[in-house]
Structures are given as structure tokens and as C-alpha cells.
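**Student:** Submitted below is the structure of interest, expressed as C-alpha cells.
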Amino acid sequence: MKMFENILLPISSEFYPRNAMERSVFLAEKFGSRIKIIYIIEEKTLEKADKITDVYRTHYEKEETEVEIEHEYLSAADRIIFDDAKEFFEKRGIDFQRKVVKGQFSDAIREEMEREHYDLVLMGFEKGCLLHYRIIDNSYAPIWIESAEKGREIILAVCSNLAPNLKVPEMGEKLSKSLGWELHMIYIVDMQDNVAVDGQGQRSGRKSESELIDAGKEFIREMGKKGIDVKMVKGSIEKETIRAAREVGAGLVIVGREQKRTGIMGIYAKTVRKRLVEKCNYSILLTN
Amino acid sequence: MEKKKDEENSFSRWNALSILVAFSVLAVFLVSPSPSGISHEGWLMIGILLMAIILWITTPIPIAVTGFLIMVMQPVVGAAKAEEVFHSFGNQAVFFLIGVFIIAGAVEKHGLHRRIALKFLGRFEKSPRAFTFGIMLASAFLSFIMPAHGVAALLLPIVVSILIAMKAIPRQSNFGKVSMLAIAYGCSIGSLGTPIGGARNALAIGILANEGIRISFLEWMKYSMPVVVMAIPAVWLILQVAFPIEVRDVSDARREIEKQVGEMGSMKRDEWVVSAVLAITAILWIFFSSPEYLGLGVVALLGSALLFFTGSISWEDVEKRVPWGIILLYGGAITLGVGMNSTGAGSWIAGAMLNAAGNNIYLVILSLILFTVLLTNVMSNVGAVATLLPIALGVASEFSGISPLLAAMIVALSGGFAFLLVISTPANAITYSSGYFSTRDLLKAGGVVNVVCMAIIFAVAVIYWRGALGI
């Protein structure tokens, strides 16, 4: 079975990440994948414009403008994005489909993933837009977020006391072999949330630093048996990941489902993954 | 779906919280004693002002509803009598606004604005830089004769179709960014030029009229045009530096404009009629809108009536194209201004500010500009001007070096400098929806543009308005 047989490439009308399309060509050629591009006309942007112009424009005028904007979105999809897709995929004989939907980015992706099975969601990420990227926290398939900055052919797999650490090493190994990229792995002991997460994703009670370090050493021994060197570091998962990625010049950082709770209220820091995506200048693969 | 529901619930919780905070603030003013130097009515007006600011910034209810809440709350809390509140609503500037919207509706209905825009753009297709300057000029010029948000809505599809024809990639093409920001900023700057461009101009004229200072159309232009003339090239230059244009050839743009002009065909009868009415109205505004002649409102309504006489517009069109909500917003804003002045609340706040700022006239002018620009970027322009104009007039009454007209022009024109955020002004929101620039791009360019425009208005206020015109 191919690693990424079906790849979903969602593109929002908010912005067009051309580098994600280029990456999908690379992956499709490596894994013989089928690509489906969904172009999402962002309702949120239209609603925002509607709300802000609320008192200044009549319902009729707003509808008129909305129709015109939608028309331009479709035109942009046809004449720029799908044209690029033809150029990228058809020339290389890559099987691809295209679809246009209207809705919210994360909802549209989730609905598409309910309709068809995908092995990978490949997308871009931009901070300066209205999208919330909720899909980052609740997708069954891995999400590859392609960065504008190109790293070297190096994979950095990030494990920690806050994740099950099953899929990340597995994905790291497989990708390293398939792509021929060098694999680096780190294990982060994050004392900001001093618990351990087991294979089922269950959090333990509070642990001492030495207990967490021992668990890390155990993980490193297991990986050593497979011939993988793991470096142990202590610190915040976000900061250490970014530091390690910069040090090795990673082309891809693989992160698992980290369950970090922060603050005195013990509230889930739902944004650990999102914060990493925001701060890390390298491409990130989020596994589940 | 469940997630979506949660978001909707949290959204309404946020709305409820905003409303609760706004009314709690008012309640605090209602139950607390007024400090020395201000009447209890004035103290209550400050409470209403703060309530309005919270509601205008957080927008849990439409901004027009906040407008009429201002009117409603004045008699409810005892800040003013109902007759006084509604009396100030009857200012002729409100009828000027209605007339302007009817005329703009006719222009939009017959696509005259599209023709003007395309003709304009056609003259600037020599190079990509010239083209973006053309977009900016077209936006500004059209905003002299119709409301700025209507101009942004018109130019968006025209320019996007040109960008698509040129294969300019959204978010990546600097040419796309500059073109779209040229629309947004061109509209904002152009809207300062005449009383038509923004409702805040009419609001300033209305509040000044209540103070016994009447400004004609031509006088407004005499004060505002230097700011427009200086700001347009300066802002265009900033955009060129912030986003160096990568495109070299505009032949695709030329072809797209020619195609669109071709599709429009020759001028139709109604377009000629609307052009003629527009020209007549403009002449009447320029030469006969001073108080001793007809006034702004009468001319606007005369122009509107002419459109009905010639059959160029029907009542159905008026229903489709006149946003009555803005009249309520305007009404609330003007009663706020009048109430703040008549109760002495504006002077009281101004006095407190002057104590802090000292007696340096330049510092006072700069503070007025800075406060207005900060506020107009986070709330409706009309709301920002409505909030600060009474305080500015208070400054004028407390400070001998600043006249009410000077203070009002500073606030009214600075109120148009909403360049920073998508929410700052409808023109920003409309052009943002094109997908060609990000919120970061807006912040990056808008920050510099704001500073430069503040410097321009400061220079104009000190050298031209105060120095040369002696206002």
C-alpha cells in the first residue's frame, strides 16, 4: 500500500499557497498519489466584509458585491490556480481532480474527508488572514503544512513526554526511507506540564523530573534498538522544537498529538500545534 | 457541526458581555455623583459616550442601533429631554446625506461610475506603476462624487479581473497588493475631499452648524483638498516602497480594460441624464450651497428630484440603494455631539486633557490628530468623529489658539485615516475580500501611511488652516 495514496490539497480563496501545490507534485511523484484540489470560497471573508459595510450599504448592494466577488474568486480559481494545476500535474501525468465549494476552510475540509478517504492533507498556512485553521486540531489524516522557507533534505521527528510517540517515529522512519532524507529525532522533556502520556493518549498524574527523564531514556533505548539516535532536551516543547529545527536546518518537522496543559487553571493549550505552525519557519507534518 | 454551534454560542456570549459592560458603565455614571466642574447631565452624557464607544468597538449590535440607543438613552437617564434630542436630529446635513445616497444610487444603477473608472484607468496603462497611480486617482476622484465604500465595491471587481488577466497571484503578487491597497487608501483619502465622500464629513458640518458655523461645499473643499493632494502621491510612494512591483508589462491589463469598455458600449440615454444631473448638482453645491443661498441639503434633494423627473431613478431603486441605517447612525452621532456640548461635557473632558497636555498648541493639535486616528482605526469612522468632535469643540472653547472650525476639520479629516485594520473602514474590508493582500500587509503599509498622513494633516493644520487661512 502506498504511503500517501490520496492527497487532499485544500486552497482557500483567502490565499493561494503555490508552494503547497509544488510540494504535492513532489509527493505525488514519489508515492504515485492521486491529488484532489478543493478550492474553498471563504464565507467568512464575505461575511466579514458584509458586517463591516453593514450600515453603509443596503442588503441589495451587498448581495450585488458578493455575487461579483464570488465571480472573481471563480475566475481566479479557473485562470490562476487550476491553470497552475494543469501545468504542474498534467505535464507529469499525475492524476488530479478539482472541486469548488463555498464554506469555511476547516468545515469544508472535514466534509470532504467524510465523503472520501484521504491519507494526507497538504496545505499552506498564513498568519495574516481570517482563517482559524481548526482542522489542525481535528483531522483523522496527517496534515502537511508547507512552509514558504525551504529547508534541507532533513526530517526532524519530535517526541516528548506529552505525546504517545508511536506515529511520529514510524512516520519519520518511513518518510526518511521513501524520500531518502536524513532523519533526526529529539525527545523533549517538557516540565511546564510534568505528566506522561501513554500509547492510548491518556495523561498520567504529575511526575517528577527524574521520572520523566527516565521515561525519555527508555524511549531513547527503544529507538536505539531500531538504529535511530535520539537526542534528549529539556524545555518547552514549542521553543525546543523551533530551536532544534533551526539547528539542523530541517526541511520537515514531524509533530504528534501533544497534549499540553498550561496555566494555573490547567486549561488545555489547544494551540500547541497551531503555535508551532505559526512560529516554525519550516514545513510541518502533524500526525495523529 | 457541534464545534460550529459552540462558536456561535460563544459569539453570542461575547455579544451579551459587551452589552452588559456597556450598560454597566452607564449605570456607574448614573449612580455616582458628578465631580466638580461638570453638571450631572454632562456627567451622564460622558456615560452615554463611553457606552457608545464600547458598543461601536465591540459591535454586538449594528452600529446604527447604537446610534439610536444614544438618542433613546439621553431622555431615559435624564441627560436631556426627548424634544431636545430629536430637535438636533432635524439638521439639514441629514437631508444632504439622503440626497447624496439617492444620486449615488442613480450613478450605480446605470453603471456611470464603472464607465468613469474604466476611462480613468485607460489613461494610466503605460506602466505598472502608472497603472497603480491611476487606480488610486480613480478611487479618490470617484470618492469626491459618491460615498467611498460604493467606490471600493465598484473598483474591486474591475481591478481583480485585470489582475487575473495578468495572472497576478493573490497574496504573492506585489502588483496585486499595491493595486488593492491603492483602492482602499485612495477611497479613504478621496473621501476627505468633498462633503459627499464620507458621512463623517456631513456629521462635522452638521455639528458645526449647531454651533452657528456654516460651511459650504466649496469651503469644505478649500480646507480639505491640500490634504488630499499631498496624501495621494505620498501614500502611492509608500506602497511602491513597501511592495516593490514585480510586473513589467501591462499589455494584459490594457486588453482587459478595452474588453470591459467594449462590453459597456456607447453611453446610454440614462447615463447622459445622470451625468447632466450630477454636473448641475455639483455646480449648485459649489456656487450655491453657502448658508445665504440654498444650503447643502436643499441642493442634494433638488438633484435627487431631477433624477425622478427624468425617470432615471424610481422609488424602488431608492429602496434598494439608500442605506437608511446610516441616517440613524448619523442622527445618534449628531445628538451625541450636541448633547456633549450643551451639557458642557465636551469642555470638561477637554479641560482635563489640556491640563495633561499643557498649553502647547502644537501638542494639542497633535493629540487631537492622534486620538482620532487611533479611534477611527478600531471603530466606525462616523462613531470616532462623533465621539471626538464634541471634545475637540470643547478644546476650542477652552484653548484660545484653536477655533471650533480648526478643531472640527482636524477631527473630521483625521477620522478618514483608517488604514490599519480590515475592520477600520468598509473600503478596507471590501478590498481585503479580493484575497490579494493579508492583514499583515495592511498593518505594514497602514502603519507608515497613518504616520505620514498624520504629519500631512498636522502641517496643513498649522501652516495652511491656521497660518494662511487664519481659521
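Just so it is clear, none of the values below were taken in a lab; they were calculated from the coordinates. Just so you know, these numbers come straight off a predicted model, no measurement behind them. Cβ: placed from backbone, ideal geometry, glycine included. Neighbour counts: every protein chain shown.
**Student:** What is the extension gain from residue A:115 to residue A:222, computed as 0.36 nm multiplied by their sequence separation minus the C-alpha to C-alpha distance, in nm to one decimal? Kindly include the intermediate steps, with their values, before the conclusion.
**Tutor:** Details: separation 107, 0.36 × 107 = 38.52 nm, distance 3.84 nm.
Length gained, residue A:115 through residue A:222: 34.7 nm.
**Student:** So for the range A:48-168, if I pair up every lysine 8 or more residues apart or on another chain, how many of those pairs have alpha-carbons under 20 Å apart?
**Tutor:** Lysine pair count for the range A:48-168: 9.
**Student:** Moving to a separate point now. Between residue B:374 and residue A:152, what is the label-point separation in nm under the 7 Å Cα-to-beta-carbon projection?
**Tutor:** Placing both labels 7 Å along Cα→Cβ, they lie 4.9 nm apart.
**Student:** Could I ask something else about it? Output the antiparallel fraction of DSSP beta bridges having both residues in the protein assembly as shown, as a percent to the nearest 5. Working shown, then result.
**Tutor:** Numbers: 7 of 47 bridges.
If I count the DSSP bridges inside the protein assembly as shown, around 15 percent turn out antiparallel.
**Student:** Still on this structure, I have one more. At a Cα cut-off below 14 Å, give the aspartates and glutamates reachable from residue A:44, other chains included and same-chain residues fewer than 8 away excluded.
**Tutor:** A:14, A:66, A:70, A:107, B:7, B:8
**Student:** May I ask you to work out the translational diffusion coefficient for the protein assembly as shown at 20 °C, viscosity 1.002 mPa s, via Stokes-Einstein with Rh from the Kirkwood sum over Cα pairs, reported in whole µm²/s?
**Tutor:** On the way: Rh = 28.6 Å.
Calculated translational D: 75 µm²/s.
**Student:** For the range A:71-155, which chymotrypsin sites (Phe, Trp or Tyr not before Pro) are in a loop by DSSP, counting at most 13 other Cβ atoms within 10 Å?
**Tutor:** Details: sites: A:73, A:82, A:88, A:89, A:96, A:105, A:118, A:125, A:133, A:140, A:144; in loops: A:118, A:125, A:133, A:140.
Within the range A:71-155, the qualifying chymotrypsin sites (Phe, Trp or Tyr not before Pro) (loop, at most 13 other Cβ atoms within 10 Å) are A:140.
**Student:** Measuring from label point to label point, each 7 Å out along Cα→Cβ, what is the residue B:68 to residue B:451 span in nm?
**Tutor:** Label at residue B:68, label at residue B:451, 4.4 nm between them.
**Student:** R0 = 41 Å: FRET efficiency of residue A:90 with residue B:259, Cβ-based, nearest 0.05?
**Tutor:** Details: r = 28 Å, r/R0 = 0.68.
Here the calculated transfer efficiency is 0.90.
**Student:** Pop a pseudo-label 7 angstrom from the Cα along the beta-carbon direction at both residue B:24 and residue A:74 and give the gap in nm to one decimal.
**Tutor:** Here the modelled spin labels are 4.9 nm apart.
**Student:** Please average, across the residues of B:427-440, the number of beta carbons from any other chain that are within 10 Å of each residue's own beta carbon, and give a whole number. Display every interim value, and only then the final one.
**Tutor:** Values: counts 3, 2, 7, 9, 1, 7, 17, 7, 12, 2, 3, 7, 5, 4.
Mean shielding count: 6.
**Student:** Say R0 is 25 Å: what FRET efficiency, to the nearest 0.05, do residue B:229 and residue B:290 get from their beta-carbon distance? Let's see the in-between values first.
**Tutor:** Details: r = 23 Å, r/R0 = 0.92.
FRET efficiency, residue B:229 to residue B:290: 0.60.
**Student:** Would you kindly state the longest site-free stretch of chain A, with sites defined as GluC sites (Glu not before Pro) in a DSSP loop (not H, G, I, E, B) surrounded by at most 11 other Cβ atoms within 10 Å? Don't skip to the end; give the middle numbers.
**Tutor:** Values: sites that count: A:116, A:149.
Answer - A:150-288.
**Student:** Binning every alpha carbon pair distance of chain B at 20 Å from zero, what are the percents per bin?
**Tutor:** P(r) over chain B, rounded to whole percents: 24, 56, 20, 1.
**Student:** Which whole number gives the average count of other chain Cβ atoms within 10 Å of the Cβ atoms across peptide B:316-329? Walk me through the intermediate numbers first.
**Tutor:** Working: counts 1, 1, 1, 2, 6, 5, 2, 10, 2, 5, 5, 1, 1, 3.
The shielding value for this peptide is 3.
**Student:** Still on this structure, please answer the following. Under 20 Å between alpha carbons: how many lysine pairs meet that in chain B, if sequence neighbours fewer than 8 apart on the same chain are excluded?
**Tutor:** For chain B, qualifying lysine pairs total 12.
**Student:** Assign one of three labels to the range A:154-286, namely rounded, prolate or oblate, based on the Cα gyration tensor with a ≥ b ≥ c the square roots of its eigenvalues; rounded applies when a/c is under 1.5, prolate when it is not and a/b is larger than b/c, and oblate otherwise. Working shown, then result.
**Tutor:** Working: a/c = 1.85, a/b = 1.30, b/c = 1.43.
Here the range A:154-286 falls in the oblate category.
**Student:** For the protein assembly as shown, with the dipole built from +1 on Lys and Arg beta-carbon atoms and -1 on Asp and Glu ones, taken about the Cα centre, which of B:325, B:86, A:219 lies farthest toward the positive end?
**Tutor:** A:219
**Student:** Taking the range A:95-204 as the region of interest, what is the percent of Cα-Cα pairs per 5 angstrom bin, listed from the shortest bin to the one with the maximum distance?
**Tutor:** Bins of 5 Å from zero give 2, 9, 14, 18, 18, 18, 14, 5, 1, 0 percent of pairs.
**Student:** In square nanometres and to one decimal, what's the mean projected area of the convex hull around the Cα atoms of the range A:6-145?
**Tutor:** On the way: hull surface 34.4 nm².
If you wrap the Cα atoms of the range A:6-145 in a convex hull and average its projections, you get 8.6 nm².
**Student:** Further question: For chain B, take the longest principal axis of its alpha carbons; what is the angle in degrees between that and the long axis of helix B:40-58, to the nearest 10 within 0 to 90?
**Tutor:** Between helix and principal axis, roughly 30 degrees.
**Student:** Placing +1 at every Lys and Arg Cβ and -1 at every Asp and Glu Cβ, with all other atoms neutral, what dipole size does the range A:154-286 have around its Cα centre, in debye to the nearest 20? Could the numbers behind the result be given before it?
**Tutor:** Values: 23 positive and 17 negative charges, 69 e Å.
Its charge dipole is roughly 320 debye.
**Student:** Per-residue mean of other chain beta-carbon atoms within 10 angstrom of the beta-carbon, peptide A:67-80? Present the calculation step by step, with values, prior to reporting the outcome.
**Tutor:** On the way: counts 1, 7, 8, 1, 3, 11, 6, 0, 5, 11, 1, 1, 4, 7.
That average works out to 5.
**Student:** Among A:9, A:89, A:31, whose Cα projects farthest towards the positive end of the dipole of the range A:6-145, with charges put on the beta-carbon of Lys, Arg (+1) and Asp, Glu (-1)?
**Tutor:** A:31
**Student:** So, one more: Mind putting a number on the dipole of chain B about its Cα centre? Charges go on the C-beta only, +1 for Lys and Arg and -1 for Asp and Glu, and I need it in Debye to the nearest 20.
**Tutor:** Using Cβ point charges on Lys, Arg, Asp and Glu, chain B gives about 1140 debye.
**Student:** Return the lysines within reach of residue A:207: Cα separation strictly under 20 angstrom, same-chain partners fewer than 8 residues apart disregarded; answer none if there are no such residues.
**Tutor:** Output for residue A:207: A:217, A:234, A:260.
**Student:** Mind grabbing the base-10 log of I(q)/I(0) for the range A:1-40 at q = 0.34 Å⁻¹? Debye formula, identical points on the C-alpha positions, no solvent, two decimal places.
**Tutor:** Results for the range A:1-40 at q = 0.34 Å⁻¹ read -1.14.
**Student:** If I take R0 = 51 Å and measure r between the Cβ atoms of residue A:234 and residue B:469 in this structure, what FRET efficiency does the formula 1/(1 + (r/R0)^6) give, to the nearest 0.05?
**Tutor:** 0.15
**Student:** What residue among B:201, B:275, B:247 has its Cα farthest toward the positive end of the dipole of the range B:178-332, where the charges are +1 on Lys, Arg and -1 on Asp, Glu, each on the Cβ?
**Tutor:** Farthest along the dipole direction, towards plus: B:201.
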